[in-house]
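This report concerns only the one structure given below.
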Amino acid sequence: VRFVDGNGVVTMVEGAPQSEMVALGDHPQFTYALANVTPIYNAKEQVVKSEREFLFLKPGTLVVFDRAQANSAGVSRVFGLNMPVTPTINGNLLSVMNGTNRADVIRIAPSGVPWVITTYGGSDFPLGGARADASHSVGTESLFLHVISTNQDVPSVAADNLTGMTGVSITFTDGRRAIVRFANAGRGGTLDFRTAANGILFSGDLPTTVTAPPLLAAP
């Protein structure tokens, strides 16, 4: 997520305090991370909060939640996604085909924000590519929630919010179902992940501490 005011992109600052890894955990069914990116802006007044929660539902679906808060409505919050090829757009759905591989990016929140595509080429960008942006400037806070599925493994998603939480219900092609919700004002969230037969794969709060990830096993 970028912050953009009348002078352009509000840049991160080299040598600023480091971003903070607030939570990190690996589970047989998912991997989760929560990062506080705010410090890298070195207390620039335009950026009040920049946090990202990242949930990888194994084997190939990502849920990304961003809390982006500015000091005024004049500072837009822009979710950006870089791709090697130009995507197709259908409302909130962005689809990318690269060879036989496909990724679908579905925006759950905020609603009513169009994708804007910028393509690259020429001598400055010999490999080509594209960037998709979703710019939000209502109020001072943006809660971006996206689901990224691979090779059409997610036939159905729907917003599934509770008071004070932004969430999504996800159905997989094998019948598994996941309900993911993130706190709007605080941090963290919950996951209810079930098999097609309603067996519980995981149900509870997402990790709140940093646990070192497993290392590759020695041969």
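The values are calculated or read from the model by the stated rules, or taken from the named source; none is laboratory data. Worth saying up front: this structure is predicted, and the values here are computed from it rather than measured. Virtual Cβ from ideal backbone geometry, glycine too; neighbours counted across all protein chains shown. All accessible areas refer to the heavy atoms of the entire protein, side chains included, with ligands and DNA or RNA removed. Shrake-Rupley method; radii C 1.70, N 1.55, O 1.52, S 1.80 Å.
For segment 95-113, a residue qualifies if it is among the β-branched types (Val, Ile, Thr) and either touching a helix residue (DSSP H, G or I) at 6+ places or on another chain (Cβ under 9 Å) or exposed (fewer than 15 other Cβ atoms within 10 Å of the Cβ) (or both), and exactly one does: Thr100.
Of everything in segment 47-91 that is among the basic types (Lys, Arg) and over 14 Å from the mean Cα position of the chain (by Cα), the residue that is nearest to Leu201 (Cα to Cα) is Lys58. Open to solvent by 40 Å² or more (accessible area, probe 1.4 Å), within 16 Å of the chain's Cα centre (by Cα) and either free of Cβ contacts under 8 Å to residues at least 12 places away in the same chain or more than 12 Å from Glu53 (Cα to Cα) (or both): does that describe Ile179? For Ile179, the condition - open to solvent by 40 Å² or more (accessible area, probe 1.4 Å), within 16 Å of the chain's Cα centre (by Cα) and either free of Cβ contacts under 8 Å to residues at least 12 places away in the same chain or more than 12 Å from Glu53 (Cα to Cα) (or both) - is met.
When segment 196-217 is filtered for residues that are at pLDDT 95 or above, small (Gly, Ala, Ser) and more than 22 Å from the chain's Cα centre (by Cα), the ones remaining, listed by number, are Ala196, Ala197, Gly199.
Restricting segment 132-149 to residues that are part of a strand (DSSP E or B) and open to solvent by 60 Å² or more (accessible area, probe 1.4 Å), the residue that is farthest from Ile89 (Cα to Cα) is Glu141.
Exactly one residue out of Arg187, Arg102, Arg181 is under 25 Å from Ala23 (Cβ atoms), in a strand (DSSP E or B), of a type in the set (Lys, Arg) and out of contact with any Pro (no Cβ under 9 Å at 6 or more places or on another chain), and it is Arg181. Does Leu94 satisfy being under 15 Å from the mean Cα position of the chain (by Cα), in a strand (DSSP E or B) and farther than 19 Å from Ser135 by Cα? No; evaluated as a whole, the condition is false for this residue. When segment 190-219 is limited to residues that are among the β-branched types (Val, Ile, Thr) and part of a loop (DSSP other than H, G, I, E, B), the one that is nearest to Ile148 (Cα to Cα) turns out to be Thr195. If only residues of segment 56-83 that are polar (S, T, N, Q) and in a strand (DSSP E or B) are counted, the one that is nearest to Val105 (Cα to Cα) is Thr61.
For (1) touching a Gly at 6+ places or on another chain (Cβ under 8 Å); (2) within 25 Å of Asp26 (Cβ to Cβ), each residue gets a yes or a no:
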position: Asp124; (1), (2): no, no
position: His136; (1), (2): no, no
position: Ser149; (1), (2): yes, yes
position: Val154; (1), (2): no, yes
position: Asn161; (1), (2): yes, no
position: Thr166; (1), (2): no, yes
position: Phe202; (1), (2): no, yes
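The residue that is nearest to Ala109 (Cα to Cα), among those in segment 143-178 that are among the hydroxyl-bearing types (Ser, Thr, Tyr) and in contact with an Asp or Glu (Cβ under 7 Å, 6 or more places away or on another chain), is Ser169. A search for C-beta distances below 7 Å between a residue of segment 76-94 that is over 16 Å from His136 (Cα atoms) and open to solvent by 70 Å² or more (accessible area, probe 1.4 Å) and any residue that is modelled with pLDDT of 95 or more and not in a strand (DSSP E or B), counting only pairs 6+ apart in sequence or on different chains, returns Ile89/Trp115. Sub-8 Å Cβ pairs linking a first residue in segment 188-210 that is within 16 Å of Asp174 (Cβ to Cβ) and in contact (Cβ under 8 Å) with a residue 24 or more places away in the chain to a second residue that is of a type in the set (Ser, Thr, Tyr) and open to solvent by less than 80 Å² (accessible area, probe 1.4 Å), at least 6 apart or interchain, are Phe193/Ser203; Leu201/Thr195, ordered by first then second residue.
Considering only segment 114-129, how many residues are surrounded by 14 or more Cβ atoms within 10 Å (Cβ to Cβ) and at pLDDT 95 or above? Quick ask: steps written out before the conclusion?
Of segment 114-129, the ones surrounded by 14 or more Cβ atoms within 10 Å (Cβ to Cβ) are 115, 117, 120, 129.
If we keep only those that are at pLDDT 95 or above as well, we get 115, 117.
Final tally of qualifying residues: 2.
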